[in-house]
1. For segment 637-733, what is Rg from Cα atoms divided by 2.2 N^0.38 Å, rounded to two decimals?
2. With a bin width of 10 angstrom, please list the P(r) values of segment 462-525 as percents of all Cα-Cα pairs, from the 0 bin to the one holding the largest distance.
3. Report, in cubic angstrom per residue, the convex hull volume of the C-alpha atoms of segment 595-697.
4. Taking 0.36 nm per residue of sequence separation and subtracting the Cα-Cα distance, how much length would be gained by fully extending the chain between VAL503 and GLU149, in nm to one decimal?
5. Give me the one-decimal nm value for the distance between modelled label points at LYS616 and LYS486, 7 Å along each residue's Cα-to-Cβ direction.
6. Report the Cα-based extents of segment 310-368 along its three principal axes, largest first, to the nearest Å.
7. What is the P(r) of segment 277-318, as percent of Cα-Cα pairs per 10 Å bin from 0?
8. Note down the net charge around GLU261, summing +1 for each Lys or Arg and -1 for each Asp or Glu among other residues with Cβ under 13 Å from its Cβ.
Amino acid sequence: MTKDIKLRLKDVSSSNPGNLEAVFSLGNGHFGVRATNPIESSAVEGTLVNGFFEYSPITYGEAAAYYPKRNETIVSLPNLRKIRVFDDGHGEFTHSKLVDMQLDLSNGKLVEEYELSNDKKQTIKMNVTSAIDQREVHFYGIEYAFEAETYKGDIYIDKNFVLEEAKGETGDDIDDPRKTRELKSIKREVVATDDLSQTIAISTAESKQRIEITAYGFNDESHLSTKLSLADEPKVSYGFIVGEKNEKGDFAKEDFATIKENSASFWHDTWQNGEVSIAGNDELNLALHYNIFQLNQATGRDGKTNIAAKGLTGPGYEGHTFWDTEMYMIPYFIYTNPEIAKKLLVYRYNTLDFARTRARELGVNQGALFAWRSINGEETSAYYPASTAAYHLDGDIAYAIGNYYQATHDMEFLKDYGFEMLLETARFFREFGTWAKKDGKTVFEFHTVTGPDEYTAMVDNNYFTNRMAQNNFNLAYKLGLVLMEKNPEAFGKLGVSIEELEVFKDIAEKIYFPFNDEYQINAQDDTFFSKAIWPFDETPKDKYPLLLHYHPLNIYRYQVNKQADTVLADLLFPETIDDDQLSREFDYYEKITTHDSSLSRSIFSALAARMGDMKKAYSYFSDTVRMDLTDLQGNTEDGLHLANLGGSWLSVVQGFAGMQVTSAGELKIIPHLPIEWDGFEFRIVFNGRLLNINIIDGKTTIKLVDGQPMNIIVDNKSYKLEKATLEILSKGE
Ligand code: IFM
């Protein structure tokens with residue numbers, strides 16, 4: 001990291017405890033610990049383990065065939081940070097005022113300061129330092145340092161686990177689909193205890209998962225309950241590790257120094273390949289670093305787990321993974337840490353059996369449809385118009401596979417995982433779509449579909465979906481040929497023929513795209529423009545987000561967008577649209593978009609930057625990059641908005657720097673610098689090279705930090721990038 005960057009309490013606008021717990025949470029892709037107040041209990045007890053969930057039945061008033069029967073909910077574990085502190089008269093320090101918090105993004109260390117008071121209003125100070133192990137991902141260490149204030153006697157601390165039932169945030173009777181539900185079938189028990197350590201087990205009755213965690217002191221002689229004297233020494237400290245058995249069922253203790261070292265070295269490496277910095281705007285620079293930090297903390301790195309919509313920072317959306325991963329978060333990993341991108345795609349591969357079953361349930365004999373929302377890959381959404389019908393997800397996964405392959409040429413991945421997924425998703429689209437006649441031409445269409453915009457559902461020919469499906473067919477065709485040539489045996493094993501690939505190519509050429517003649521723009525779907533525009537002028541501010549105040553059917557009959565839809569396709573496929581149409585399209589859809597979804601603004605920012613509308617690009621970016629620090633969506637306490645974190649990287653790299661990979665596979669950038677910044681700089685990993693790209697007013701400097709020479713296109717001119725730094729002056733300089 002270029003300089004140490006820390007997030008402090010003053011950088012966060014909402015002091016609501018739930019909000020701070022999420023914002024200052026620590027995670028390592030395996031588990032996450034919300035920064036709950038260690039003394040006072042919190043609404044969300046806050047330890048979440050990636051992939052650790054419980055089933056509960058979904059009850060429908062009116063069910064139908066193949067509606068999912070069971071829900072999955074991520075399980076909140078007992079609070080690892082909890083400590084009880086007593087005075088020498090058996091009173092307890094039950095009040096705890098947060099004074100400051102500081103999260104060091106260069107090494108992952110969280111430092112907090114509290115003032116504790118007992119019923120006699122006597123106070124002591126408590127400083128808390130914690131870190132999560134980023135390499136041995138089963139360990140978390142926390143150190144409490146106490147300092148005498150008005151209270152100067154002995155204190156007694158108790159660090160045994162408190163096994164109270166972890167609460168869900170809501171009951172099942174709340175109208176907010178973004179929340180989680182309460183679980184009644186979780187067992188928490190102490191399985192071993194002595195003076196020096198305590199082991200508890202958390203098990204789920206239905207999903208049959210079990211986790212054992214052990215708390216022990218920093219030193220071999222540290223007791224979990226002990227007396228410390230603030231009379232003899234004005235400052236005393238005590239530390240604990242909480243560790244979990246590893247995958248093999250072994251438990252070998254770690255110490256705090258190692259946890260901190262593993263955290264610091266991980267962050268050093270992560271920033272080395274993936275730092276993005278803004279010069280001349282410290283506030284946005286801090287927010288951008290923070291977002292990338294939290295994105296990394298949330299990401300499963302083992303091929304078995306993924307990224308939940310709220311990461312490991314809160315139980316919102318029940319811990320489910322959505323299309324958010326492939327469209328908003330994987331790009332950052334593809335271009336900074338492709339190994340992790342691969343693991344995320346392998347997770348999808350590991351859910352293929354569920355996806356095949358789901359496709360059969362939808363009546364197609366071939367292909368696979370991945371789950372719209374799930375933890376383990378099994379579809380769990382009870383509301384199919386905004387989930388199963390959003391089958392662009394298959395195309396989104398294919399898009400990510402295509403980008404990963406283009407940026408790595410990882411043949412092993414293509415052979416073992418990638419092509420099979422492309423094949424199965426292309427088959428699904430082939431089977432689920434339909435041939436039709438339009439204006440005397442034979443076209444391929446998709447009916448009864450929901451695009452990314454969740455305020456429009458079950459329409460025909462959603463433009464975005466049709467583009468994603470077309471890309472899916474093209475990828476299956478092209479990468480199928482690559483695999484057939486490079487590894488005919490692997491190709492042959494998949495039961496696919498050249499004829500089948502040719503069919504994909506043919507469908508791709510004939511896919512229908514709705515177009516609006518009046519406005520000369522791509523139409524979101526076949527009937528979008530026949531609807532009235534939502535009565536924005538009559539909608540009071542407090543009726544947003546619309547989803548919490550209006551029945552879906554009421555919303556569906558209007559032209560109103562929750563989030564970027566057609567314009568997202570424009571961003572993903574820049575070669576399909578010219579500048580004039582893009583500008584018309586952006587203007588039209590922007591006016592009817594509420595951004596009620598956190599997945600929207602980053603796309604509008606990136607696109608506006610590409611169009612050179614820097615005022616808009618900057619304004620959308622400011623909202624995007626600080627979304628959770630300002631609680632813009634009003635629900636950060638349920639967990640951070642992970643897709644938006646990835647979206648802020650997209651805004652800078654694919655928006656302001658205009659980075660894209662051309663259809664010929666070349667890296668291209670078209671820099672646009674907002675006047676508010678002195679410049680910005682980022683690193684990219686591309687086909688084994690590490691590049692450092694620095695954009696300041698009038699000059700783009702590209703350094704090949706590592707790897708072989710390559711070509712790069714800047715502002716539509718091709719350059720050879722060799723070891724020496726390439727400096728390109730912008731036009732007019
Ligand atoms: O996947 C998104 C969806 O696009 C909008 N609603 C929230 C989901 C989870 O982030």
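1. For segment 637-733, the normalised Cα radius of gyration is 1.15.
2. Taking every Cα pair in segment 462-525, the percentages come to 22, 38, 23, 12, 5, 0.
3. 114 Å³
4. Details: separation 354, 0.36 × 354 = 127.44 nm, distance 7.72 nm.
Separation in residues times 0.36 nm, less the Cα-Cα distance, equals 119.7 nm.
5. Distance between label points: 4.0 nm.
6. Sorted largest first, the three principal extents are 38, 27, 17 Å.
7. 28, 38, 25, 9, 0
8. Taking every Cβ under 13 Å from that of GLU261, the sum is -2.
Where a number appears in this text, it was derived from the coordinates with a stated rule and is not lab data. Since the model is a prediction, treat every value here as computed from it, not as a measurement. Positions of Cβ are backbone-derived with ideal geometry, glycine not excepted, and every protein chain shown enters the neighbour counts.
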